[in-house]
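Taken together, the values in this text are just the output of simple stated rules run on the coordinates, not laboratory data. Bear in mind that the values here come from a model prediction, so they are computed numbers and not experimental data. Here the Cβ is made from the backbone with ideal geometry for all residues, glycine too, and neighbour counts use every protein chain on show.
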Amino acid sequence: MSKPEKLNLATMRVDYSPVAFDETSIDKNPMKQFEIWMHEAIESGVNEPNAMTLATVSINGKPNARIVLLKEFDTAGFIFYTNYESTKGIEISENPNAALVFFWKEQARQIRIVGNVEKISRVESEKYFHSRPRESQLGAVASKQSSKIEKRSLLESKFQELQIAFDGKEIPLPENWGGYRVVPFEMEFWQGRESRLHDRILYKLVNGEWQISRLSP
């Protein structure tokens, strides 16, 4: 068997945007600045602009990261949904701090967010749960997220059983499923620039006020 061709990652280069992003053009509130960039990402056709990396840390300091979907944001923070008994749910219960990263390659933009994590109300979770496609609701009930399963057919059988059991009925929100809100205390907006002289604007919450500074790339 021939060996695969070696990838020379060190030589890969991308030319970034000449568009400036500086202190004179930003909103003083990072949540409003996030809204501006999110609208621009959607309007420019970024693929899944609400996809974000969620990083959590276990009680023993072990980090974990995965992609989840942002489903709502407001002045209080960023909301996503999951199984509370999943790996991420357990880690959040042990250490209620997390980081989020959005990367919009098409615009050479990145947003990094660090904050505290809190559960949203069951009423809010229930409202969202019942807005999902019925198949997604059944999937949330069928799956014990992050637990080991012997084979996929067992999961599919469980799903089919639930389809029959809830035929014509409302699917109740599972007790172990719902939303989290990441309440930010630090947000960084990164704009890729030419010659790797990227623009990095940092918002940091200090005594209830957002302080803004520029970071070296």
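A compact table of results
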| read-out | value |
| --- | --- |
| Per-residue Cβ neighbour rank within 10 angstrom, fewest leading, 180, 128 | 128, 180 |
| Least to most buried among 164, 42 (fewest other Cβ within 10 Å first) | 164, 42 |
| Ranked list, fewest to most other Cβ atoms within 10 Å of each Cβ, for 167, 199, 22 | 167, 22, 199 |
| Net charge dipole size for the stretch 69-149 [Lys, Arg +1 and Asp, Glu -1 on Cβ; Debye, nearest 20] | 240 debye |
| Summed side-chain charge close to residue 99 - residues other than residue 99 whose Cβ falls under 15 Å, Lys, Arg +1, Asp, Glu -1 | +3 |
| Most to least packed among 149-156, 137-144 [average Cβ atoms within 10 Å] | 137-144, 149-156 |
